[in-house]
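Trainee: Below is a structure I'd like to ask you about.
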Amino acid sequence: MNIIKKRSWRPLGLLLLWGLGCSAAQAQLTAMVAVEPTARKAAHSILRTSAESGLSKAAGQPVALTTSDDLADVMRATRSAGYDIFIGPAQVAASALQRGYELVGATHKSDKYLLVGLQQIAAVPAMKGKRLYLPQQDSVYTYMARGMLNEAGLSLQDLRAVQYEKFPQAGLTALTLGTADATVVREDDWAEWSAAHPGIARVLATSQPVPGGFSIVVKKDLPTDARSKLAQWFGSSSSASGLPLVSVRPEAVEYRRVAELGLFTPTSLPGVNRVSAREAQTLLTQGATLVDTRTEKEFKTKRIRGAVFAAYVEKSLKDVAFNAAQDDFQALDKLKGLDKAKPVIFACNGAECWKSYKAAKVATTKGFQSVYWLRGGLPEWDETGLPTEGG
């Protein structure tokens, strides 16, 4: 009997090991090229097939590459660690570096950004009630604008109008046409434009250096050898596929600085109780409801155990003075059995995610009497070692 068992087990065992080996060999890595609206030419120059081939060879396994200029969607992906490799502007790398990624480097030197306004605007505080031209909300230009305004004690909501368009350079044209009072530009672009258009505008504020071009980050949990070979490819071979070589390694403080400009929610919310993951867990055991306000895809992939789903569809500014009327949170009203007299906790993807902040504030206007905000969201819950589900 023993001989029979050994003979029948060995082929099966070898077959299983062979199957596992094939599965591991076929595992596919994913890479995202995130593009600022002004850098579309750079994206179009990237040869996708060539880049995938080069990355796959370097990593020792297939790599699928995706390109997107929807920065809001890309930023959601960084918060949920949705790709193994991110190639994108500084704010994308800054977000990913707080989510289990490590920096490979950047393709260009660091830039400074300038808040410039018409000559009659003497200083940043005088921007109150003025018109500001910016690219989309998750553009690095917008982060810089928000940071420079905040330093002067202003919110984007203090402005008369914020015009979001695709191309930052067109903001300078808007100044000449009188359709905007201020905009944000890179220092090099300002130098060229101001020389050709003297006397129209002035510099109101200057940012600290921001990593330029594409920044590349990879997941820390990839094998050391794979990470090393990927870094080598980005530094020596990527130009063959149209992607500039990594030539500089910016200081970590530059990415932290970007992360603090426009990504983070406030540390408190009037009328709402902010709680830690442990405190939220205690409330759940006492009968509280935890509402996950992220997208349905994120919720299904991984969530806090026991959470219910109610997506907060966000279109308003990521700002303490956001306009809730621009957003859609009807999902909260559709949750069955939710008692407004009992504790309810709102969570999303951590301190960078504004959905739970906004949801908690909106809930107080809907008559909920005991509202809590888990600012650290799923990332804090996960890091604390508390149970999750999904996937």
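The values are calculated or read from the model by the stated rules, or taken from the named source; none is laboratory data. Given the structure is predicted, the values throughout are model-derived calculations rather than measurements. For neighbour counting, all protein chains shown are included, and Cβ atoms are generated from backbone atoms with ideal geometry for every residue, glycine included. Remember, those area values only see protein heavy atoms, side chains included, never the ligands or the DNA or RNA. Shrake-Rupley method; radii C 1.70, N 1.55, O 1.52, S 1.80 Å.
Trainee: Need pairs with beta-carbon distance below 6 Å; first residue farther than 11 Å from residue 363 by Cβ and within region 332-345, second open to solvent by 40 Å² or more (accessible area, probe 1.4 Å) and in a loop (DSSP other than H, G, I, E, B); sequence gap 6+ or separate chains.
Mentor: If the second residue must be open to solvent by 40 Å² or more (accessible area, probe 1.4 Å) and in a loop (DSSP other than H, G, I, E, B), the pairs left are 341/369.
Trainee: Here is a follow-up. How about region 139-228: which strands (runs of 3 or more DSSP E) wholly inside it have at least 1 residues that are in contact with a Ser or Thr (Cβ under 9 Å, 6 or more places away or on another chain) and under 16 Å from residue 90 (Cβ atoms)?
Mentor: Working: elements: 161-164, 182-186, 201-206, 210-219.
Those strands (runs of 3 or more DSSP E) span 182-186, 210-219.
Trainee: Considering each of 247, 215 in turn, give the residue that is of a type in the set (Ser, Thr, Tyr), under 25 Å from the mean Cα position of the chain (by Cα), open to solvent by 60 Å² or more (accessible area, probe 1.4 Å) and at pLDDT 95 or above. Before the answer, list the steps.
Mentor: Values: 215 fails: open to solvent by 60 Å² or more (accessible area, probe 1.4 Å).
Every option except 247 fails the conditions.
Trainee: Here's a check for you: in region 31-66, which residue that is part of a loop (DSSP other than H, G, I, E, B) and at pLDDT below 90 is surrounded by the fewest Cβ atoms within 10 Å (Cβ to Cβ)?
Mentor: Of the residues in region 31-66, the ones part of a loop (DSSP other than H, G, I, E, B) are 35-36, 45-47, 60-62.
Imposing the further condition that a residue be at pLDDT below 90 reduces the set to 35-36, 45-47.
Working: 35: 24, 36: 26, 45: 11, 46: 19, 47: 14.
Here the answer is 45.
Trainee: Something else: For region 201-212, which positions are surrounded by 20 or more Cβ atoms within 10 Å (Cβ to Cβ) and farther than 12 Å from residue 105 by Cβ?
Mentor: Filtering region 201-212 for residues surrounded by 20 or more Cβ atoms within 10 Å (Cβ to Cβ) gives 201, 204-205, 207, 210-212.
Answer for region 201-212, where residues must be surrounded by 20 or more Cβ atoms within 10 Å (Cβ to Cβ) and farther than 12 Å from residue 105 by Cβ: 201, 204, 205, 207, 210.
Trainee: Of all residues in region 324-343, count the ones that are open to solvent by 70 Å² or more (accessible area, probe 1.4 Å) and not acidic (Asp, Glu).
Mentor: Result for region 324-343: 8.
Trainee: Scan region 98-109 and report the pairs whose first residue is at positive phi and whose second residue is crowded, with 21+ Cβ neighbours inside 10 Å and modelled with pLDDT of 95 or more, with Cβ atoms within less than 6 Å and a gap of 6+ or a chain change.
Mentor: Close Cβ pairs (under 6 Å, with a partner that is crowded, with 21+ Cβ neighbours inside 10 Å and modelled with pLDDT of 95 or more) amount to 105/246.
Trainee: Something else now. Please go through region 303-319 and give me each residue that is surrounded by fewer than 16 Cβ atoms within 10 Å (Cβ to Cβ) and either small (Gly, Ala, Ser) or touching a residue at least 60 places away in the same chain (Cβ under 8 Å) (or both), ordered by number. Break it down into steps so the answer makes sense when it comes.
Mentor: Of the residues in region 303-319, the ones surrounded by fewer than 16 Cβ atoms within 10 Å (Cβ to Cβ) are 305-306, 313, 315.
Passing the criteria: 305, 306.
Trainee: Provide a single number: the residues in region 111-134 that are touching a strand residue (DSSP E or B) at 6+ places or on another chain (Cβ under 7 Å) and either open to solvent by less than 40 Å² (accessible area, probe 1.4 Å) or of a type in the set (A, V, I, L, M, F, W, C) (or both). It would help to see each step written out before you state the result.
Mentor: Initially, region 111-134 is screened for residues touching a strand residue (DSSP E or B) at 6+ places or on another chain (Cβ under 7 Å), giving 111-119, 121, 123-124, 127, 130-134.
Checking the rest, the ones that are also either open to solvent by less than 40 Å² (accessible area, probe 1.4 Å) or of a type in the set (A, V, I, L, M, F, W, C) (or both) come to 111, 113-118, 121, 123-124, 127, 132-134.
Residues that pass the stated criteria total 14.
Trainee: Let me ask something additional. Can we say residue 347 is open to solvent by 10 Å² or more (accessible area, probe 1.4 Å), small (Gly, Ala, Ser) and at negative phi?
Mentor: Details: open to solvent by 10 Å² or more (accessible area, probe 1.4 Å): no; small (Gly, Ala, Ser): yes; at negative phi: yes.
So residue 347 does not fit the description; no.
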